[in-house]
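Comments concern the structure below.
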Amino acid sequence: MLSCALRQWARFSAFRLLSYRLPIVVGVVAVSAVIAHAASIRGVVTDATGARVKGATVGVLNNGQVVAHAVSGEDGSYEILTGHTGRFYIVVSAKSFRQLETPGFYAGQLDSIERNLVLEPEWVRESIVVTATGTPTPQPQTSAATDVLGPTELDTRADAVSALRLMPGTESVQIGQRGAQSSLFIRGGDSDDNEVLMDGVSISDLGGRFDFGSHAATALERAEVYRGPNSNLYGAGAASGVVSFTTPRGTTSFPSLFLSGDGGNFHTSHAEAELAGAHNKLDYLGAFSWFQTANSLPNDEYHNATTAGNFGWQPSGSTQLRGTVHYGVASTGVPNAWNFYHVADQATQKDQDLYISASIDNQTTADFHNTIRYGAARKREQFSLWTQSGSGSFDAFGDSLGRVVTIKGANGYSATGQAVLDYAENYPYQYNLVSNRDQLLYQGDYRFTPHLLGLIGFRFEDERGVENVPSFGVHNDTERKNYDYLAAVHGDFKTRFFYTLGGALQHYSLFGVETTPRAGVSFYVLRPRNGVFSGTRLLLNYGDAVREPTLTDETGSLYQFLQKNGDASIAEQLHIGALAAPRVRTYEGGFEQAFLSERIVLRTSYFHNQYGRQIEYVGGHLLPSLIPNLTAAQQQALINALGFYYTNDYGLAVNTEAFLVQGVEATVESGIGRDFFLRGGYTYLDAVVQRSFDSDNEALAGGFAPTYNGIPIGAISPLKGARPFRRPPHSGFFTATYARPKFAVQFASAFASRSDDSTFLEYADANGGNSLLLPNRNLDFGYATLDLGGSYQLYSWLSIYGQAENLTSNQHIAPIGYLSLPMNFRAGLKLQLGKESR
């Protein structure tokens, strides 16, 4: 009986225990199931040097609400299980660092998302850059000279011309007023030595030329400028630097609409509309702007309409499809060099530019990342001189002349006379240029260890160009198929020694095969810390790069001339080949020093750039005697082949120029609290022409070398031993930014010393002579610009903004002969229904 009772009690106790624990067991199973199907977000929090940050608060937001959070551990790692599906944002806070908010991303129930987070110091700005290594990398982990222009510098500007002066080593030159052709010289290189990208796709003309003057700042989130050769990553074109523009994305969980309108002096008006947002797997942004101004000169009106879009779709947390488009239509008057004529040409330049980027981005594994991108650029440029303009005076050939003027250079030399404005010919004179490019790019990067990342890539380009001059019956075209194979590694040793090694094999249909190695190291002698001297870093760089000749270089070369005129045998006999790729080699060394617990950061570097095989146009009369090792019979054969070009001394392109550029760059940045930021920089540039077959050799070849009272003049290009044109030896900038949630203002200033140049008025005075040429040395005036811009939030839905440029009305920002736009301002209102997407 006792044993039976005990068995019954045991069964009852077991049943009662099970009834108590069943809900707990079911709950545990249910929670485990939820966790198993929740999005997992994990990563590591580091500072800009790569050191792990302990105790950072990482919050995950969905629909504006914090749905989960975590605190980074001893090794900086964190992991968050959201329990949600949708679009997320990460917000990170830590002591002594600026709060970070990441771009939005989509995560499904089963997705495991890797997000490594890099925090910036509280006092100074250290951006994540891409152009230096090909993958997003904090600036302190790179040795390259890279600066970023963000919304503060770009938002209230109509274009990027003046903003590009706000960094060391660059000189932005605009030959006229708003909308006029604008070029960028980086570290003394030529203006076509730069690769210009839009969302990772090349948008330069064939051979690297790019006009910044007709490019609106609409839908530009940032401009990243890399100073130095980087053909390793970006192909033939990145000989002096890279300018990479980025389109903003929609981020808000609801459609955000922005409408703005402003007006200013010189009959200036500007309107812009933007619609942006994000919903689950989709984000979108569309923008349109219209800008017009009369400028201050006759026949100098400028109009620009720009449309842009950015659309992204994430089918999963590891895969993203994205497409961007920019289409701009610009028209500007071209009054010519007003100070040389005091009469405006009846001329216009029109541009239609279409840029498309479409990419598939896949995080294949936690360590393996792949990107495939298609890019297209369609560029059309039409210059039209509608009729012969002038003062009413003509020379003996019927060429129209400007008014009697006195041309005075910054060097104190002057000349008085009438210059030929328009030649006697059939009008309208038209020049049309077409540049088409289709690109296919692949890039894969694999993280072997937390301290070593490898990258491989492939690029294919199909380029087509047309040069059409109906007045002279000229129609030249070309097609080029180019291939690039690249590889690189980027890593560190104990987050103290950072290195980048890479190289590319480039096969271009125009000039053949070239190799372009690159290497850089960055070493922290003193790691960042609190104190007066709070971090010391040494920098070293080496690189080779090449540039693809432009369309006009190709069609105007000596080789092409002989080929097209039935003298291919002469070219072969005299060993005259197609144009080679101009080449540059650079060495750079410098250091970075932080002060007062990184409240002040000083960076300085010395660079040495050797430019060889550069292209110049040499007169036909000179070529037979300047090409080395030709016998008298061979010289005569070339003279006979040149014919008309020899008789009239017209120029043909050859690889005969070389120049050396050395310089020092220095920048200082400082933050005063969280709201006030100061930044300044200075560049010293020492550039000299080492070899040239152009005007400096005319006297040696028995030709006519122009002089000014015995001073030799390079009429079209600089003389041997002189400085390349339009590259001032001293330049710099200063900016002060104050930003609060409702109020932001930026003061910006840029300056440059005098630079060498020419009036280019060769055989262009009333008698067909050179009396209007002036000595090249210090011919262009120095300048200083003062700009002021800002905005104020009146209500949550309405703000006012304004931008004033060239406050001192400096007339000499442009090269000699051209009048710069005087003080100009715009002010207006911005209506916003939603939140900024950037």
Could you tell me whether GLN99 is in contact with a Phe, Trp or Tyr (Cβ under 6 Å, 6 or more places away or on another chain) and open to solvent by 10 Å² or more (accessible area, probe 1.4 Å)? no
Might you check whether a residue that is part of a strand (DSSP E or B), under 21 Å from ARG98 (Cβ atoms) and in contact (Cβ under 8 Å) with a residue 40 or more places away in the chain occurs anywhere in segment 203-217? no
Per-region count, segment 319-351, residues in a loop (DSSP other than H, G, I, E, B) and within 29 Å of the chain's Cα centre (by Cα): 4
Members of segment 229-259 found to be over 26 Å from the mean Cα position of the chain (by Cα) and hydroxyl-bearing (Ser, Thr, Tyr), listed by number: THR252, SER253, SER256
Is it the case that VAL664 is among the β-branched types (Val, Ile, Thr), touching a strand residue (DSSP E or B) at 6+ places or on another chain (Cβ under 6 Å), closer than 21 Å to THR170 by Cα and outside any loop (DSSP other than H, G, I, E, B)? yes
Please count how many residues of segment 541-592 are buried (at least 23 other Cβ atoms within 10 Å of the Cβ), among the charged types (D, E, K, R) and in a helix (DSSP H, G or I). 2
With the requirement that a residue be open to solvent by less than 40 Å² (accessible area, probe 1.4 Å) and touching a residue at least 60 places away in the same chain (Cβ under 8 Å), what does segment 394-410 give you? ASP395, LEU401, GLY402, VAL405, ILE407, GLY409, ALA410
Mind telling me which of the residues ASN426, ASN432 ends up being in a loop (DSSP other than H, G, I, E, B) and either within 23 Å of GLY237 (Cβ to Cβ) or open to solvent by 30 Å² or more (accessible area, probe 1.4 Å) (or both)? ASN426
From the set of residues in segment 499-537 that are over 30 Å from ASP462 (Cβ atoms) and in contact with an Asp or Glu (Cβ under 8 Å, 6 or more places away or on another chain), which is most open to solvent (accessible area, probe 1.4 Å)? TYR499
Quick one: which of ARG380, ARG322 is at pLDDT 95 or above and under 30 Å from LYS281 (Cα atoms)? ARG322
Would you check if LEU833 is in contact (Cβ under 8 Å) with a residue 40 or more places away in the chain, under 22 Å from VAL404 (Cα atoms) and hydrophobic (A, V, I, L, M, F, W, C)? no
Return yes when ALA68 is at pLDDT 85 or above and among the aliphatic types (A, V, I, L, M) and no when it is not. yes
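Each row is one residue, and each column tells you yes or no for (1) on the phi > 0 side of the Ramachandran plot; (2) at pLDDT below 90; (3) part of a loop (DSSP other than H, G, I, E, B); (4) surrounded by 23 or more Cβ atoms within 10 Å (Cβ to Cβ).
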residue	(1), (2), (3), (4)
PRO103	no, yes, yes, no
VAL124	no, yes, yes, no
ARG157	no, yes, yes, no
GLY176	yes, no, yes, yes
LEU184	no, no, no, yes
ASP190	no, no, yes, yes
Segment 754-772: number of residues that are assigned to a strand (DSSP E or B) and open to solvent by 30 Å² or more (accessible area, probe 1.4 Å): 0
Going through segment 93-116 in order, the residues found to be of a type in the set (A, V, I, L, M) and under 20 Å from GLU598 (Cα atoms) are ALA94, LEU100
Give ALA219, ALA223 a once-over and let me know the one that is at negative phi and open to solvent by less than 30 Å² (accessible area, probe 1.4 Å). ALA223
Filter segment 296-318 down to residues that are assigned to a strand (DSSP E or B) and open to solvent by 50 Å² or more (accessible area, probe 1.4 Å) and give me whichever is farthest from THR348 (Cα to Cα). TRP313
Tell me the residue from VAL668, VAL661 that is open to solvent by less than 50 Å² (accessible area, probe 1.4 Å) and modelled with pLDDT of 85 or more, please. VAL661
Scan segment 253-276 for residues that are surrounded by 18 or more Cβ atoms within 10 Å (Cβ to Cβ), assigned to a loop (DSSP other than H, G, I, E, B) and not small (Gly, Ala, Ser) and jot them down. PHE266
Sole miss for LEU164 among (1) farther than 27 Å from PHE497 by Cα; (2) among the hydrophobic types (A, V, I, L, M, F, W, C); (3) open to solvent by 10 Å² or more (accessible area, probe 1.4 Å) is condition (3)
Counting only residues that are open to solvent by less than 30 Å² (accessible area, probe 1.4 Å) and either charged (D, E, K, R) or at pLDDT 90 or above (or both), segment 614-636 contains a total of 3
Test result for ALA744, of a type in the set (Gly, Ala, Ser), buried (at least 21 other Cβ atoms within 10 Å of the Cβ) and closer than 20 Å to ARG157 by Cα: yes
Just need a number here: residues in segment 160-171 that are closer than 16 Å to THR306 by Cβ and touching a Ser or Thr at 6+ places or on another chain (Cβ under 8 Å). 1
Quick check on segment 641-649. Is at least one of its residues farther than 30 Å from GLY671 by Cβ, surrounded by 15 or more Cβ atoms within 10 Å (Cβ to Cβ) and acidic (Asp, Glu)? yes
Quick check on segment 473-495. Is at least one of its residues outside any strand (DSSP E or B) and either open to solvent by less than 30 Å² (accessible area, probe 1.4 Å) or modelled with pLDDT of 95 or more (or both)? yes
Please determine whether any residue of segment 403-412 is within 30 Å of TYR508 (Cβ to Cβ) and not basic (Lys, Arg). no
For THR293, which of the numbered conditions (1) of a type in the set (Val, Ile, Thr); (2) crowded, with 23+ Cβ neighbours inside 10 Å; (3) under 22 Å from PRO136 (Cβ atoms) fails to hold? (3)
Only one of ALA239, ALA219 that is within 30 Å of ASN541 (Cβ to Cβ) and in contact with a Pro (Cβ under 7 Å, 6 or more places away or on another chain): ALA239
Looking only at residues in segment 82-96 that are modelled with pLDDT of 85 or more and surrounded by fewer than 18 Cβ atoms within 10 Å (Cβ to Cβ), which one is nearest to ILE672 (Cα to Cα)? SER93
Given the condition hydroxyl-bearing (Ser, Thr, Tyr) and open to solvent by 50 Å² or more (accessible area, probe 1.4 Å), answer yes or no: does some residue in segment 380-387 qualify? yes
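The values are calculated or read from the model by the stated rules, or taken from the named source; none is laboratory data. Please read all numbers here as calculations on a predicted model, not as lab measurements. Glycine also receives a Cβ, built like all others from the backbone with ideal geometry; neighbour counts cover every protein chain displayed. The accessibility values were calculated without ligands, DNA or RNA, using every heavy atom of the protein model including side chains. Shrake-Rupley method; radii C 1.70, N 1.55, O 1.52, S 1.80 Å.
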